[in-house]
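Taking it in order: structure first as structure tokens, then the write-up.
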Amino acid sequence: MDFSQLSGLIGAHAEARIIHAAVDLGIFDGLAGKQLTVEQLAAALRTDAAASELLLNSLVALRLLEKTENLYSLSATAEKYLVGSSPHSLCGMIRFESSTWDCWSKLADSVRSGKPARVPNMYQDDAQATAIFIEAMDSLVKARGDAAVLAQALDWQKVTSLLDIGSGPATYPIHLCRAFPLLRATLYDLPGTLKITERFVRAAELTDRIELVAGDYRSDPIPGNYDVIFLSNIIHGENGNKNAALMSKLAENLHPRGRIVIKDHILDDTRAHPPVGAIFSMLMLLTTDGGRCYSFDEIKIWMEQAGLTKVEQIDLPPPMTSSLVIAHK
């Protein structure tokens, strides 16, 4: 790493906060399909014109806006990912990232104490925080196309029953139910989350094929038996002992020859690669009670202790940064 790369890392928060602020202010939505002057956009958004010009020029520098003489417009990337009405909008995830800013400011404190920077409640104590978190998950999966990749990565043709643990916005089961007419899904999540999940399922017109079951997978019984049990971005929120107990619990909910499918950042034996997983573990330090990203070998041990076999890892294609770990009953 040279000086310029190191310097870029040290100041990377500036670029992130510029994008967070631009989404919060409605800059990209305000420019959707338009070319506007600073004065026109500032009047529409009720912002200070001089300050807005500084922000717009910084977005041009980041190649998220284009500037022709005194007119500003969206870049192709911004039009696709940063306009709220786009089917690929990443705005929900950006709002969540912005909401974690105070947590990141306490990182050194968490490293000193080993304790999270916020109450590790899965964003359940405040309805607005719950909505920001769940809508962020939907935003990320849709923008990146994760559900379509999952549908192609595994053979779903003979799967008729799916249990999605911690389903959040139901983005995966909605896509899978649309793609595979024989499939029915049960979504198991916390009560506060399911209030939002229900909205997504109703909008998809799949209430006849997707059932919502409220509970805490760590302590409550999980009803039914399933061909596939799916956990997307769940294990990184728990410590190793809780994950091992969860795999043993879920193994009892599998049909014979059923599969548990984990989608997450899967580390190698160094636990430093891939970098996205090692860095994401820091967010888990800040927001969970002992969560982090895990290596394939760690997950394999949990699976085998649960009586599962043929544990394998499938790496997913870019721009995805996660992998699947699959185990069979």
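For segment 218-238, what are the residues that are under 19 Å from the mean Cα position of the chain (by Cα) and in a loop (DSSP other than H, G, I, E, B)? Before you say what the answer is, go through the steps one by one.
Let us first name the residues in segment 218-238 that are under 19 Å from the mean Cα position of the chain (by Cα), namely 229-238.
Result: 233, 234, 238.
Identify all residues within segment 130-164 that are touching a helix residue (DSSP H, G or I) at 6+ places or on another chain (Cβ under 7 Å), under 25 Å from residue 181 (Cβ atoms) and not charged (D, E, K, R); write none if there are none.
Result: 141, 147, 148, 150, 151, 156, 162.
Can you work out which of the residues in segment 270-329 that are without any contact (Cβ under 8 Å) to a residue 40 or more places away in the chain and small (Gly, Ala, Ser) is nearest to residue 249 (Cα to Cα)?
295
Run residue 190 past the list (1) surrounded by 21 or more Cβ atoms within 10 Å (Cβ to Cβ); (2) under 18 Å from residue 127 (Cα atoms) and report the number of the one that doesn't hold.
Failing condition for residue 190: (1).
Report, by residue number, each residue of segment 264-294 that is surrounded by fewer than 16 Cβ atoms within 10 Å (Cβ to Cβ) and either of a type in the set (S, T, N, Q) or not in a helix (DSSP H, G or I) (or both).
268, 269, 270, 271, 272, 273, 289, listed by residue number.
Might you let me know whether segment 246-262 holds any residue that is of a type in the set (S, T, N, Q), part of a loop (DSSP other than H, G, I, E, B) and surrounded by fewer than 19 Cβ atoms within 10 Å (Cβ to Cβ)? Before the answer, list the steps.
Step one: list which residues in segment 246-262 are of a type in the set (S, T, N, Q), which gives 248, 253.
Next cut, part of a loop (DSSP other than H, G, I, E, B) only: 253.
Then drop every residue that is not surrounded by fewer than 19 Cβ atoms within 10 Å (Cβ to Cβ), which leaves none.
Scanning segment 246-262 turns up no residue that is of a type in the set (S, T, N, Q), part of a loop (DSSP other than H, G, I, E, B) and surrounded by fewer than 19 Cβ atoms within 10 Å (Cβ to Cβ).
Residue by residue through segment 8-60, note down the ones that are of a type in the set (Ser, Thr, Tyr) and either modelled with pLDDT under 95 or not in a helix (DSSP H, G or I) (or both).
Restricting attention to segment 8-60, the residues satisfying the condition of being of a type in the set (Ser, Thr, Tyr) are 37, 47, 52, 58.
Hits for segment 8-60 are 37, 47.
What residue, of 136, 147, 108, 127, is modelled with pLDDT under 95 and either small (Gly, Ala, Ser) or in contact with a strand residue (DSSP E or B) (Cβ under 8 Å, 6 or more places away or on another chain) (or both)?
Working: 136 fails: modelled with pLDDT under 95; 147 fails: modelled with pLDDT under 95; 108 fails: modelled with pLDDT under 95.
Of the residues listed, the single one that is modelled with pLDDT under 95 and either small (Gly, Ala, Ser) or in contact with a strand residue (DSSP E or B) (Cβ under 8 Å, 6 or more places away or on another chain) (or both) is 127.
Keeping to segment 143-170, report how many residues are of a type outside the set (A, V, I, L, M, F, W, C), part of a helix (DSSP H, G or I) and in contact with a Leu (Cβ under 9 Å, 6 or more places away or on another chain).
Applying the first criterion (of a type outside the set (A, V, I, L, M, F, W, C)) to segment 143-170 yields 144-146, 152, 155, 157-158, 160-161, 164, 166-169.
Imposing the further condition that a residue be part of a helix (DSSP H, G or I) reduces the set to 144, 146, 152.
Filter once more, so that each one left must be in contact with a Leu (Cβ under 9 Å, 6 or more places away or on another chain): 144, 146.
Counting residues in segment 143-170 that are of a type outside the set (A, V, I, L, M, F, W, C), part of a helix (DSSP H, G or I) and in contact with a Leu (Cβ under 9 Å, 6 or more places away or on another chain) gives 2.
Out of everything in segment 76-134 that is in a loop (DSSP other than H, G, I, E, B), touching an Asp or Glu at 6+ places or on another chain (Cβ under 9 Å) and charged (D, E, K, R), what residue ends up being nearest to residue 189 (Cα to Cα)?
Restricting to residues being in a loop (DSSP other than H, G, I, E, B), touching an Asp or Glu at 6+ places or on another chain (Cβ under 9 Å) and charged (D, E, K, R), the top hit is 118.
The values are calculated or read from the model by the stated rules, or taken from the named source; none is laboratory data. Values in this document were obtained by computation on a predicted structure and should not be read as measured data. All Cβ positions, glycine included, derive from the backbone under ideal geometry; neighbour counts span all protein chains shown.
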